[in-house]
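Before I ask anything, here is the structure I am working with.
The values are calculated or read from the model by the stated rules, or taken from the named source; none is laboratory data. Keep in mind it's a predicted model, so treat the numbers as computed, not measured. As a convention, Cβ positions derive from the backbone with ideal geometry for all residues, glycine included, and neighbour counts pool all protein chains shown. Heads up: the accessible areas ignore ligands, DNA and RNA and are worked out on the full protein's heavy atoms, side chains in. Shrake-Rupley method; radii C 1.70, N 1.55, O 1.52, S 1.80 Å.
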Amino acid sequence: MPVRIFRVCLVVITAIVNHPLLFPKENGTVPENTEEIIQKMKEREESLRLEQLRLEQEMAGQEAGQKALGKAAKVVEESKEEKVPWDMWSAVSMVIFLLIELWRQDFQEGNWQDTGSEEDDIAILGKAFKGVVFPDKAILASFYEKRILSTTGDMERMREMVEGFADDLLEALRSVCNRDADMEVEDCMGVGSMYENWRVRKPFVCDLIVPFAPPEPYCFRSQTWCSGNSFPPDKQGYGTIKVCRADEDVAGCICDKTKLGEDMLCLLHSQANTTRPSSEMEDLLCFKNTQYLDADRVMKWFQIAVTKAWSRISHKYEFDLSFSLLDSPGALKIKFRSGKSIAFNLTPVVQYENSDVYFISHFPRSGLAADLPSSTHWLLTFAVYERRFIQLVSKRLPANACHVSCLQILSFLHGKQCSLTGPSGLTNYHLKTVLLHLLQARPCQDWAPEKLEARLQDMLKFVEKCLHEKKLYHFFIGNGKVPAELGFPIIFQRAEPLNLFRPFVLHRDVYRKTVDTFHEMLRNTSALINEYTVHTPLAHANGIHKASL
């Protein structure tokens, strides 16, 4: 028995010592002639076996002749019996050794090569950031006053005009709808950059969401990816909306899951209620032969309803209204007779329970977006809470704080770079998410107006780090530090963090394009700012935030 253990250990130690990952050689490869290795192993095996027999025979020679002969015969017999397991262990060890070596070669030629190329990109990006020369305070002040403030002065008047017209349009929409059969439309709400005061690039577009509900006796019952139901990884951040009768049991009656006998009747549900005609569900904008709300059908219904509503009130206005973009069903454009136009988005949404989280029927796609989800999966938007968080934090910051200015400048630089080199997977929403994280992480005094340059560099470094790691987490989902004053639903705080950069892992071409665009933006930062800057005395630097945001 000790001899067998010794042999097994010897083979294992030999395999470990010769393992190329433990002691790698610079140009180590698998020999092409594996038969030579097998032959050497067999020769080594035979020499060890002969050496063992020789030692055992010498020990046996010290005893009596008869006893020595008997012992020698016994050793020969044991060697024959052990030959089979010894050969088996040798073969298994050889196979394992070869498999490990082949795996090492594949790993080096495949995955390690890819990883190395990404690390090269990261190293280049880091060097580029270190080499960036940021404009001084005077240049930043002049740029902000000339390029940002001068173009955002009319936003408030535009918001008031769009909101007033949208209210009138929705009121007309309610009048043309059948209150007993059509969806019930509520008042609209403004969200996004125009209502958070950081929109900088024209055309200015107001984003309005319109909650709607089903007619009585129906109601919406929603399920999210974090509510315990099984959602695939690519559907994180999505949910489904089921159209049910208000008196229907949430868990579902057992009569829907069990075959009742012909002579048995459910006392809670009549036969008429258990089976709904498919046409009734389609009238409620559900996907074919299901109870799940269909986003495409909702947008089609909404477009038709808006068209009817406009035809009723168009005589009151001296402009035309039309749908502006085919890929954005809720995009509307007001065209004045003078040739000017105003664009805004009017998008129907469904409220999640009693919160201000909404399922949005349509969301503008970006270069980072994956394949289109099914029309029964609705994306959740936290835009209302994002606006409230910015308003809440702004009250605690120093006067004329630079947080909005940082986002405006970075948004302008990125948009300008994309207009030169093409679209990028990095969006304004990602930049806003970076700001939200920094607002929560940094003390209030760090956002004083004189620290604009430092905070702008912090945002760029944060974006660079997230691009390196391909990780940028949603600010609200999985964030247990959300202020209690917001009344944010606890179910989303306890959910797993949602990585907004997950598509970068799946789409390497988009990732490389995004990295290249960001890299180029860093190199062109000074040039992009100087292009719109008039050199002014340093005294003007203190007036960067005098205009109210």
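So if the hydrodynamic radius of the range 183-235 is defined as the Kirkwood radius over C-alpha pairs, what does Stokes-Einstein give as its diffusion coefficient at 37 °C and 0.692 mPa s, in µm² per second? Don't skip to the answer; put the middle values down first.
On the way: Rh = 14.7 Å.
Once the numbers are plugged in, D ends up at 224 µm²/s.
Still on this structure: Restricting to Cα atoms and excluding each atom paired with itself, what does the Kirkwood estimate give for the range 126-197 in Å?
Working: mean 1/r = 0.0603 Å⁻¹.
One decimal place: 16.6 Å for the Kirkwood radius.
Where the Cα atoms of the range 142-238 are projected onto their three principal axes, how long is each span, largest first, in whole Å?
For the range 142-238, the Cα extents along the three principal axes come out at 58, 42, 15 Å.
Please give the charge dipole size of the range 399-508, origin at the Cα centre, charges +1 on K and R Cβ atoms and -1 on D and E Cβ atoms. Round to the nearest 20 debye. Intermediate values should be presented prior to the final figure.
On the way: 13 positive and 8 negative charges, 68 e Å.
It works out to roughly 320 debye.
Considering only protein heavy atoms and a probe of 1.4 Å, how much of the accessible area of the range 178-238 is carbon and sulfur, as a whole percent? Walk me through the numbers before you get to the answer.
Working: 1230 of 2850 Å².
Taking all protein chains in place, the range 178-238 shows 43 percent carbon and sulfur surface.
For the range 395-415 and the range 420-482, what is the separation of their Cα centres, given in Å?
Spelled out, the Cα-based centre of one part sits 11 Å from the other.
Another question about this same structure. Report the local net charge at residue 459: Lys and Arg +1, Asp and Glu -1, summed over other residues whose C-beta lies under 14 Å from its C-beta. Mind showing how you got there, number by number?
Details: positive: 432, 442, 451, 455, 461, 465; negative: 446, 453, 458, 464.
Overall, the nearby charge balance is +2.
Considering amide H positions built from the backbone, and no H for Pro or chain starts, which residues 5 or more places from residue 152, or on another chain, come under 5 Å of its amide H?
none
If you don't mind, another one. So what J values fall out for the range 181-186 if you push phi through Karplus, 6.51 cos²θ - 1.76 cosθ + 1.60 with θ = phi - 60°, rounded to Hz, Gly and Pro as x?
The phi angles translate into 10, 8, 5, 9, 9, 9 Hz.
What does the charge count near residue 213 come to, summing +1 for each Lys or Arg and -1 for each Asp or Glu among other residues with Cβ under 9 Å from its Cβ? Intermediate values should be presented prior to the final figure.
Numbers: positive: none; negative: 184, 186.
Every neighbour counted, the sum reads -2.
Any chance you could look up the accessible area of residue 335 with a 1.4 Å probe, heavy atoms only, rounded to 10 Å²?
Surface open to solvent at residue 335 totals about 100 Å².
Mind jotting down a quarter of the surface of the convex hull over the alpha carbons of the range 370-509, in square nanometres, one decimal? Working shown, then result.
Working: hull surface 39.1 nm².
So the mean shadow area of the Cα hull is 9.8 nm².
Place the peptides 418-426, 204-212 in order of packing, highest mean first, counting for every residue the other Cβ atoms within 10 Å and averaging per peptide. The partial results should precede the final answer.
Working: 418-426: 16.9, 204-212: 21.4.
Taking the mean over residues of other Cβ atoms within 10 Å, the ranking is 204-212, 418-426.
Whole number in Å², please: accessible area per residue of the range 306-357, 1.4 Å probe, ligands, DNA and RNA not counted.
Heavy-atom SASA per residue in the range 306-357 reads 58 Å².
To continue, here is another question. Quick one: 3J(HN,Hα) in Hz for the range 298-311, Karplus 6.51/-1.76/1.60 with θ = phi - 60°, rounded, Gly and Pro as x.
5, 5, 5, 4, 5, 4, 5, 5, 5, 4, 5, 5, 5, 4
Quick check: at a probe of 1.4 Å, how many percent of the accessible area of the range 320-457 sits on carbon and sulfur atoms? Display every interim value, and only then the final one.
Working: 3000 of 5880 Å².
That share works out to 51 percent.
Turning to a different aspect of this structure: Within the accessible area of the range 472-511, what % is carbon and sulfur when the probe is 1.4 Å and the other protein chains stay in place? Intermediate results must be reported in sequence, preceding the final value.
Numbers: 1150 of 2050 Å².
Answer for the range 472-511 is 56 percent, counting heavy atoms of protein chains only.
Can I ask one more? Given a 1.4 angstrom probe, what's the average accessible area per residue across the range 460-539, in square angstrom?
Working: 4110 Å² over 80 residues.
Ligands and nucleic acids excluded, the result is 51 Å² per residue.
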